[in-house]
Amino acid sequence: MKQEINPQETNRAQAFELWMKSPMPMVTLTKTFDVTRLYKVSRRKGLKFNMLLCWCIGRAASKIEEFYMLPQNGKLYKYDRMAINVIVNNKKGGLSFCDIAVTDNLEHEGPIMHPAWP
């Protein structure tokens with residue numbers, strides 16, 4: 001469910017103004033992480049490493065209020081749920097897609113794997 005909100009009443013007012021003028025609005029974050037422990041967990045639990053990494057990113061993003069706000073047709077909307085789609089290069093030179101189900105319990109729901117995901 002989405003609800004229209006006034007951008008001026010959020011901490012995203014300036015970003016919204018800049019975003020609405022952008023020909024291709026997006027945000028890119030770059031950070032280097034040591035994923036050794038995550039790799040070990042993926043092996044121990046029999047989970048695909050990329051899937052587990054995407055789930056961790058989704059869990060982290062779900063705790064940030066701004067990720068629930070998106071502009072659409074010149075208005076700002078706040079959503080009650082979050083959908084995260086991750087696209088990565090695969091070993092075969094193609095792209096793999098994963099829609100992440102943001103949940104506290106990975107074993108209960110987990111990510112929804114796209115058929116192209118290796």
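The values are calculated or read from the model by the stated rules, or taken from the named source; none is laboratory data. Small disclaimer: the values here were computed from a predicted structure and weren't measured. Neighbour counts are summed over all protein chains in view; Cβ atoms, including those assigned to glycine, are modelled from backbone coordinates with ideal geometry.
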Elements of type helices (runs of 4 or more DSSP H) in segment 1-68, at least 2 residues being free of Cβ contacts under 8 Å to residues at least 24 places away in the same chain and surrounded by 14 or more Cβ atoms within 10 Å (Cβ to Cβ): 36-45, 49-62
Identify, by number, the condition in (1) in a helix (DSSP H, G or I); (2) of a type outside the set (Phe, Trp, Tyr); (3) surrounded by 15 or more Cβ atoms within 10 Å (Cβ to Cβ); (4) modelled with pLDDT under 85 that PRO71 doesn't meet. (1)
Filter segment 74-96 down to residues that are closer than 14 Å to MET51 by Cβ and loosely packed, with under 15 Cβ neighbours inside 10 Å and give me whichever is modelled with the highest pLDDT. ASN90
